[in-house]
Amino acid sequence: MPRAKKYNEEEVIEKAMNLFWRNGYETTSMQMLEKEMGINKFSIYSSFGSKNGVFLESLKCYKQKLNKLLNKLKESENGILGIKQYFYDFIDFTKETEFGKGCLVTNTANEIGEDADEQIKDSLTSFTEEVKQVFSKILKQDRTKDASTIEQQADFLIISMFGLSSATRIFTKEQLHNYIENIFKNK
């Protein structure tokens, strides 16, 4: 008969997510995960299979949290101004101290190499594509834009979002404000 778990998987994954978010995927060791999650390696391997398994579950947890912002954007009828608000909301979402933690997806994409686990790469790519599709949907509210323009602007915005995600880690609130205002100056 298997032993009953003495921990809540959602709680330990949230702790792991925050550890990965702060330190990065590569830097986070199994020892660090054990300490942060408050469970031993056997329990980690038993529940999640590997560090990659913990990370993939952490990404799911992160996406659930970020979905609150995405859902707000999906419901917006403010067109490009709704996307601009999403950028500002994202800054608040990342705040830990005076500076933000960036985006778990962006941080990971910046550090992993070509030889990274395919499931992790696929998860990062699909999430980024999902956000881009939300941007496209909002851009379509402007009926004067053709499909090609919408595609180009959605690409521009997702790349800008990627930049903002990294920038929240080192730039001041005023600098981030200037960045966002310039992104949306001529949209």
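The values are calculated or read from the model by the stated rules, or taken from the named source; none is laboratory data. Being a predicted model, the structure only gives us computed values, none of them experimental. Using ideal geometry, Cβ is built from the backbone for each residue, glycine included, and neighbour counts are taken over all protein chains shown. The protein model used for the area step is the full one, side chains on, heavy atoms only, and it has no ligands, DNA or RNA in it. Shrake-Rupley method; radii C 1.70, N 1.55, O 1.52, S 1.80 Å.
What to note about this one:
- TYR86 without any contact (Cβ under 8 Å) to a residue 24 or more places away in the chain and open to solvent by 80 Å² or more (accessible area, probe 1.4 Å): no
- SER43 being open to solvent by less than 30 Å² (accessible area, probe 1.4 Å) and closer than 28 Å to ILE150 by Cα: no
- Pair list, Cβ under 7 Å, 6 or more apart: segment 111-137 residue on the phi < 0 side of the Ramachandran plot, other residue hydroxyl-bearing (Ser, Thr, Tyr) and not in a helix (DSSP H, G or I): GLU111/TYR25; ILE112/TYR25
- Selection within segment 153-180: residues that are assigned to a helix (DSSP H, G or I), more than 21 Å from PHE127 (Cβ to Cβ) and open to solvent by 60 Å² or more (accessible area, probe 1.4 Å). The member of this set that is modelled with the lowest pLDDT is LYS173.
- Residue among ALA116, ALA109 that is aliphatic (A, V, I, L, M) and not in a helix (DSSP H, G or I): ALA116
- Unique residue being surrounded by 20 or more Cβ atoms within 10 Å (Cβ to Cβ) and not in a helix (DSSP H, G or I) when the list is TYR62, TYR25, TYR7: TYR25
- Filtering segment 104-120 to residues that are open to solvent by 50 Å² or more (accessible area, probe 1.4 Å) and either touching a strand residue (DSSP E or B) at 6+ places or on another chain (Cβ under 6 Å) or closer than 27 Å to ILE91 by Cβ (or both) leaves ASN110, GLU111.
- Yes/no for THR149 being without any contact (Cβ under 8 Å) to a residue 24 or more places away in the chain, closer than 15 Å to GLY79 by Cα and not aliphatic (A, V, I, L, M): yes
- Any hit, segment 66-80, residues being surrounded by 15 or more Cβ atoms within 10 Å (Cβ to Cβ), in contact with a Ser or Thr (Cβ under 8 Å, 6 or more places away or on another chain) and either of a type outside the set (Ser, Thr, Tyr) or closer than 30 Å to GLN141 by Cβ (or both): no
- Scanning segment 121-152 for residues that are aliphatic (A, V, I, L, M) and either open to solvent by 40 Å² or more (accessible area, probe 1.4 Å) or at pLDDT 95 or above (or both) gives VAL131, VAL134, ILE138, LEU139, ALA147, ILE150.
- If you filter segment 35-59 down to residues that are part of a helix (DSSP H, G or I), under 18 Å from ASP122 (Cβ atoms) and of a type in the set (Gly, Ala, Ser), you find that the one that is farthest from the chain's Cα centre (by Cα) is GLY53.
- Segment 46-59, residues that are at pLDDT below 90 and open to solvent by 60 Å² or more (accessible area, probe 1.4 Å): SER46
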